[in-house]
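Report on one structure; see the data block that follows.
The values are calculated or read from the model by the stated rules, or taken from the named source; none is laboratory data. Please read these numbers as outputs of a predicted model, since none were measured by experiment. Cβ: placed from backbone, ideal geometry, glycine included. Neighbour counts: every protein chain shown.
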Amino acid sequence: MAHSELVESLKGKLIVSVQAYPGEPMRHPETMAQIARACELGGAAAIRCQGLSDISAIKGRVEIPVIGLWKEGHEGVYITPTLRHARACIHAGADVVALDATDRPRPDGRTFEETVAALRAESDVLIMADCMTMDDIRRAVAAGCDLVSTTLSHNKAAIDTTLDDGPDIALLKAATTEFPGIAIICEGHVHTPQDARDALDAGAWAVVSGTAITHPTSITSWFATALED
């Protein structure tokens, strides 16, 4: 699928993040692949996943695009933090590589722009920029990223475990107003179908939801907590 075709295929659609974390019962590539396939059957237009084994397993199970990333820890630049991590995601089969687009220091000393330029020089993989602020979004657009996401705007835990304030619509509206026609993706705290609808109505190219669909520990805790109140 050509770059433009892949990006266009996501317009107005749902991307599902399928991730489990160390120590969790579902932390197994085959389990993640099964969940990804179930999400595909439910209408997901792409899968976003973490870790080389998961990327490879999911790529072998679904027909929709796979957005791959590699997390290292939970502090600072932890989403595909170096060029080495990005290359590994490509080799694992990712159609799109997601990486932190902030200007925070990276372990290999490269800037975000240098990492993107290196990937462009050696690969035809699409790049998804995970942003925290409008400055990050401007940086990602200037670097020529294919997808620009609000992933880090809440800047909280790596796992979205609380049912609270919904997606960052303010940042989304600012981004889509300043960059009409750019594939701005809404990600983070998309807990309900209405959250997803609101994001599209605010101008999102596509919407990512993960925890509310694929993280049963968090979902169960929301219900259990509601019964305790």
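Each residue in segment 191-218 was checked for being under 20 Å from Q34 (Cβ atoms), part of a loop (DSSP other than H, G, I, E, B) and among the small types (G, A, S), and 1 of them qualify.
Residues considered: A46, A94. Of these, the only one that is hydrophobic (A, V, I, L, M, F, W, C) and under 17 Å from I213 (Cα atoms) is A46. Using the structure shown, decide if V77 is outside any helix (DSSP H, G or I), within 15 Å of the chain's Cα centre (by Cα) and within 16 Å of W205 (Cα to Cα). When the stated conditions are applied, V77 does not pass them.
Checked against the criterion of being small (G, A, S), modelled with pLDDT of 95 or more, part of a strand (DSSP E or B) and buried (at least 19 other Cβ atoms within 10 Å of the Cβ), the candidates A86, A98, A140, A57 yield just one match: A98.
Within segment 101-123, the residues that satisfy the criterion of being farther than 17 Å from L172 by Cα and either among the aliphatic types (A, V, I, L, M) or at pLDDT below 95 (or both) are V116, A117, A118, L119, A121. Contact map, segment 203-229: first residue more than 20 Å from K11 (Cβ to Cβ) and of a type in the set (S, T, N, Q), second residue loosely packed, with under 14 Cβ neighbours inside 10 Å and at pLDDT 95 or above, Cβ cut-off under 9 Å, separation 6 or more or different chains; pairs are T217/P25.
If you take the residues in segment 173-202 that are touching a residue at least 60 places away in the same chain (Cβ under 8 Å) and over 17 Å from H215 (Cβ atoms), which one is surrounded by the fewest Cβ atoms within 10 Å (Cβ to Cβ)?
L200
Taken over segment 9-29, the criterion of being farther than 18 Å from V190 by Cα, at pLDDT 95 or above and loosely packed, with under 14 Cβ neighbours inside 10 Å is satisfied by P25 alone. One residue stands out in segment 70-88 among those that are in contact with a strand residue (DSSP E or B) (Cβ under 9 Å, 6 or more places away or on another chain) and in contact (Cβ under 8 Å) with a residue 40 or more places away in the chain: the one that is nearest to A36 (Cα to Cα), namely K71.
For segment 10-24, what are the residues that are touching a residue at least 24 places away in the same chain (Cβ under 8 Å) and in a loop (DSSP other than H, G, I, E, B)?
The initial filter retains those residues of segment 10-24 that are touching a residue at least 24 places away in the same chain (Cβ under 8 Å), namely 10-21, 24.
Hits for segment 10-24 are L10, K11, G12, Q19, A20, Y21, E24.
When the residues of segment 30-51 are narrowed to those that are under 17 Å from P216 (Cα atoms) and small (G, A, S), which ends up surrounded by the most Cβ atoms within 10 Å (Cβ to Cβ)? Within segment 30-51, the match that is surrounded by the most Cβ atoms within 10 Å (Cβ to Cβ) is A36.
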